[in-house]
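The values are calculated or read from the model by the stated rules, or taken from the named source; none is laboratory data. Because the structure is a prediction, the values reported are computed rather than measured. We place every Cβ from the backbone using ideal geometry, glycine too, and count neighbours over all the protein chains shown. Side chains are part of the model used for accessible areas, which takes the heavy atoms of the whole protein and leaves out ligands, DNA and RNA. Shrake-Rupley method; radii C 1.70, N 1.55, O 1.52, S 1.80 Å.
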Amino acid sequence: MSKVRILCSGLVLTVLALFALSVGSAAAKTSLDQTLFTARTQIWQAIASGQAGSATAAIMDNGVLVYAEGFGMADRARSIPVKKDTLFNIGSISKMHCATAIMLLVDDGKLKLDKPVSAYLPEFTMADERYRDITVRMLLNHASGLPGTVVPFGAGYEVSNRYPGYVLETLAQSQLKHRPGEMAPYCNDGFTLAEMVVARVSGKSYLDFVSERILQPLALYQSGPSVGQRREKDNAAIAHFYDVTGREEPPEALAFLGAGGLSGTAEDLCKFADSFAAGGRHILSSQSWAEMLKPQLSEFAVKLREPGIQFGLGWDVAAVPFGDPGIRVYGKSGGTSNYSSMLYTVPDKRISVAVMFTGERGPATGIAESVLAAYLLEKGYIKKEEKAVEPPLAAEPIPAELAAYAGEYSSGGSLVRIKVDLPGKNVKLFKVENGTETLLSSAIYNNGYFHSAEGLHYFATVDGRQVWVSRSGLFGDNVACEKLEPVVRPQTLRVAVRDKQWLWRNAQASEGNGISGAYVVTSGLIESLPGYIDFAGPKRVETPISAGPAIHTMRDLTELALVEKSDDTWVWLSGMLYMPAESARVLSGATAEIRIAQEGYNEWLRLAENAILSFRLPDRSRLIVFGSTGAVLYDSVSDKGEVYVPAGSFIEVAGSPGIVVEVKAAYP
């Protein structure tokens, strides 16, 4: 949970007068002074520190909007400030709409929660026969065992209608990461399948069903598809995203509607949450309404010291105590490449809080929690906690048996090395990349837990798996990384992967910049553990042509298979295709043409010497220049003119089949 220090200045208070503020009639009965102070100071600090570009926040009490405010500029070029009706992508809060859509179909008698998904989507298959045990409920509470998130065609500056079919195609080649129902690592693809179920069972497009059965009945008039899919007349209402250099990116479009593809306002989020309060406007039957509010703990979660994330159907946290045992809070977060958001609601008190930012690092979760706490305090529902000043914790001796937990771990996308220093009374976590260690965290042992700047942690063995667990406020105890166990009979891939670069070959011209790190990937061996490789995260080699997830408990795991392409061997990585970097054509001479072939794969050049480059691009094409390590040096989405490019860099071109991009090079 984010913790942000309160900052207030005369300048901040002066600037606040420029922004829209809406206060409802309930404000006359309840002082909002501390709530407004909390919201404004923490949101402005996030913006001033560069964590976010703009923001919006709202509070609803007993069906009345008591506070709504915008912060920063929605459109810098036209000097349009964020207002309470400015549109933000809500990311994974869209999962709540998807879960509600499923429950509406349950109410219609057209669907059963505990019936297999394949009964409604017979075209859904997997290489792992256990997929037949995945129920509709498991899609909504993350217990399906699906690997995570299929990336191609999912997000960027245009929406591709290929996404649902590509998800099915990718899953047909995939294994489950655990038995359905066993555990519940967060999973986007479950909600993409749920979206397909809604469309199939209802006989309508997903957006039409959500609009007719959820948005219109609840008067969510500002809610709809992602900002990149909005009609031209809505553009003025969009909170545009600007990168750290101040450059504006095209509006973000999201194809995974059920998993995270909607947009809206903070007010609409609060109105939606209000439909789960007893006095709110209900669109679900009492049985379905109660089912959505019921905590859904997995078999694995209850074996931790405190239950892990207490998912509901769609909720990230369900019925979790907040400040007082009698206050039970529900929450759902949302994050995309360009936006972050958080929605909290207390159904019993009919109070909801929403905070939204432009920028994926916007601390929406922590600030929304602080605002909710301030409002509940001012309403008299919770008591202020007075924390005494205490001296720093003293490090105690680490029990000797915990030394066995030292070793290599996976956090899903990264290799982590944990060192247990018994004499030093501390544990250190290092990220390991290309053989280099970078310190991530250090913790001392005291009273049964390891304490770091980030919070509480402990080692545990659950169902034979050794894990490092972190405690995160309302989100409970959750696995931060899982230990990689030695392989008895290690296998090796039939292609070299040690310190080898790979280039993404099925990227689209409209890919969002948030995925730029996926274009150039370096693979390696895990020297201390034969049988494992590191390719976009640690993987266990299963056969000479395949490698699967090294762990089971984390989100967004990928698997790998070798694919023969002409005279080359590519890598299939859960739907993403990679070719060896050395296979890219070398740029030579003063001019080169790059043509997109009929199959539509993006093309690559590599530079053998320093050059000053200029480009001629046709419409609906894109060119990105990457440095030798994968850093973006130039992107035609936002950059124009010439660019100096050092030797060892790569040029990537994407677009429709048949287009030709001309590259001109001058060699200094």
Tell me, what is a quarter of the convex hull surface for the C-alpha atoms of the range 312-427, in nm² with one decimal? 11.2 nm²
Ignoring everything except DSSP H segments at least 4 long, calculate the 222 nm mean residue ellipticity for the chain; use -39,500 (n - 2.57) per segment, divide by total residues, nearest 500. -4500 deg cm²/dmol
Roughly how many whole Å is it from the C-alpha centroid of the range 513-576 to that of the range 125-198? 19 Å
Of LYS419/LYS539; LYS110/LYS294; LYS95/LYS383, which ones are farther than 30 Å apart at the Cα? LYS95/LYS383
When the Karplus curve 6.51 cos²θ - 1.76 cosθ + 1.60 is applied with θ = phi - 60°, which whole-Hz ³J(HN,Hα) does each residue of the range 215-230 get, with x for Gly and Pro? 5, 5, x, 8, 6, 8, 6, 8, 8, x, x, 4, 4, x, 10, 5
Which cross-chain or sequence-distant (5 or more) residues have an amide H under 5 Å from the amide H of ILE90, H modelled 1.01 Å from N in plane? LEU262, SER263, GLY264
Set LYS177/LYS349; LYS84/LYS379; LYS332/LYS379; LYS83/LYS204 screened for pairs whose C-alpha atoms are more than 28 Å apart: LYS177/LYS349; LYS83/LYS204
I'd like the distance separating the alpha-carbon centroids of the range 607-668 and the range 418-455, in whole Å. 42 Å
Over the chain, what percent of the accessible surface lies on carbon and sulfur atoms, probe 1.4 Å? 50 percent
For the range 382-470, radius of gyration divided by Kirkwood radius, i.e. Rg to Rh on alpha-carbons: 1.04
To the nearest Å², the heavy-atom accessible area per residue of the chain with 1.4 Å probe amounts to 41 Å²
Ratio of the chain's C-alpha Rg to 2.2 N^0.38 Å, to two decimals? 0.97
Mind listing the Cα extents of the range 418-529 along all three principal axes, in Å, largest one first? 52, 39, 29
In debye to the nearest 20, how big a dipole does the range 110-256 give about its Cα centre with +1 on each Lys and Arg Cβ and -1 on each Asp and Glu Cβ? 540 debye
P(r) tail for the range 50-194, what percent of Cα pairs lie past 25 Å? 45 percent
At 4 °C and 1.567 mPa s, what whole-number value in µm²/s does Stokes-Einstein give for the translational diffusion of the range 35-75, with Rh from the Kirkwood sum over Cα pairs? 118 µm²/s
